[in-house]
Amino acid sequence: MNKLSVDHLHGIKFLNKSDISLIFDTASNFKEVINRPIKKVPTLRDITIANLFFENSTRTKISFELAQKRLGADVVNFSGSNSSLNKGESLIDTVNNILAMKVDMIVLRHPNPGSSILLSKHTNSCIINAGDGSHEHPTQALLDSFSIFEKIGDLKGKNILIVGDILHSRVALSNFYILNLLGANIKVSCPLSLVPRDIDKLNVSIEPNIEKALKWCDAVNILRVQRERMLKSYFPDNREYSMLFGLDLNKINYVKKDILILHPGPINRGVEITSDVVESDNSIILDQVENGVAIRMAIMYLLASKLNFTINKS
C-alpha cells in the first residue's frame, strides 16, 4: 500500500500533496464503512491509543475517540486538568508513564506550540497533533478541505475565503498550508487588528469588505472570535463585529450565487454567523462533523501502518 511521507502528524506544514491525496482517498473508503449498518472494522485491534488533552475540547476529542473505536483500537482518555502536571510533573514524564503502560499512539492537544514535536523527540510513540496552542490543527484543516473537495472537486484554482479571528486561530494556519498545497486561492476577511504579521508570505490576500470577499469566493470558512486567547481588545464589541463580519442571510443574498459555508465549531450564533445561515442549504457544517471521523480514521490507519504491527484489513 502507499504510505505517508511522515511518521507523525505534527502539522500540515510537514505533508506533501501526495500525502493529502492518500489521506483523502483513505477517508473516502472509511466514510463508506461508517455509513454501513455495522460501523466497526478490526483494523487497529492490536493498537492502544491514548488521547491526551491538556486543553478543553468536545468535538475534536469525541471525533478522535469515535474514530478509534470504529477502527477497533483500545482507547485511553487522559485529561490534563486532573493530571500530575498540576503537581509539578513535566509533560515528558507524564507521557513516559503512560507509555510504560504500552501505549502505541498518542493524540495530543496542548496549549504550547510545538508540543507534539517535543514529545516525538523524547518518546517512541506515534504522535498526532490535535491542536497545539495557536499554531496548527492539522486534522481540522484536512477535514475542511476534504469537505470542500467532496462538493466541488479539485481545489486547484478555487477561491476559498476564511473569515474571523485569523490572528489566534490554529485552524486558519493549517488551512493556509493545505489550501496552498492544493493550489487554491486564499483570501481572509476580518478586522485588520486580527490579521497576523507577514500573512502575505503565506500566499494569502486580505479583503476587509466581506461582501466583496463573498462575491469572490467558492467556499467560506467561518472562524469564531477566540476571546480566551486575547490579552486585549481587538475590536469594540460583538455587535459591531457581527454587523461588519458576521455571516447572515442579507450578506448571502447580496452575493447572488451559491457558496459553500463551513465552520469548524464551536459556533457563536449571532456573532460570527446566524442560525438561519448555519441551517441553510449551502451549509456543509454537519458534513464537516461526519468527515472529521473519516479523516481521523484515515490518519490513524495510515500512521499505524508504519509501526511494527500487522494491520488487519478485514
Please find, within region 208-267, the residue that is modelled with the highest pLDDT out of those that are aromatic (F, W, Y) and within 25 Å of the chain's Cα centre (by Cα).
-> W216
Would it be correct to say that D144 is surrounded by 21 or more Cβ atoms within 10 Å (Cβ to Cβ) and touching a strand residue (DSSP E or B) at 6+ places or on another chain (Cβ under 8 Å)?
-> yes
Considering every residue within region 188-198, establish whether at least one is modelled with pLDDT of 95 or more and over 23 Å from D287 (Cα atoms).
-> yes
Output the residue which, of all residues in region 65-86 that are under 17 Å from H110 (Cα atoms) and more than 22 Å from the chain's Cα centre (by Cα), is modelled with the highest pLDDT.
-> S81
Pair list, Cβ < 7 Å and 6+ apart or interchain, from region 242-257 residues that are outside the structural domain of K187 (by TED's automatic domain parsing) to residues that are in a helix (DSSP H, G or I) and at pLDDT 90 or above = none
Within region 174-203, how many residues are surrounded by 14 or more Cβ atoms within 10 Å (Cβ to Cβ), closer than 19 Å to N16 by Cα and of a type outside the set (G, A, S)?
-> 11
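The values are calculated or read from the model by the stated rules, or taken from the named source; none is laboratory data. Since we're looking at a predicted model, the values are computed, not measured. In this analysis, Cβ positions are derived from the backbone assuming ideal geometry, glycine residues included, and neighbour counts consider all displayed protein chains.
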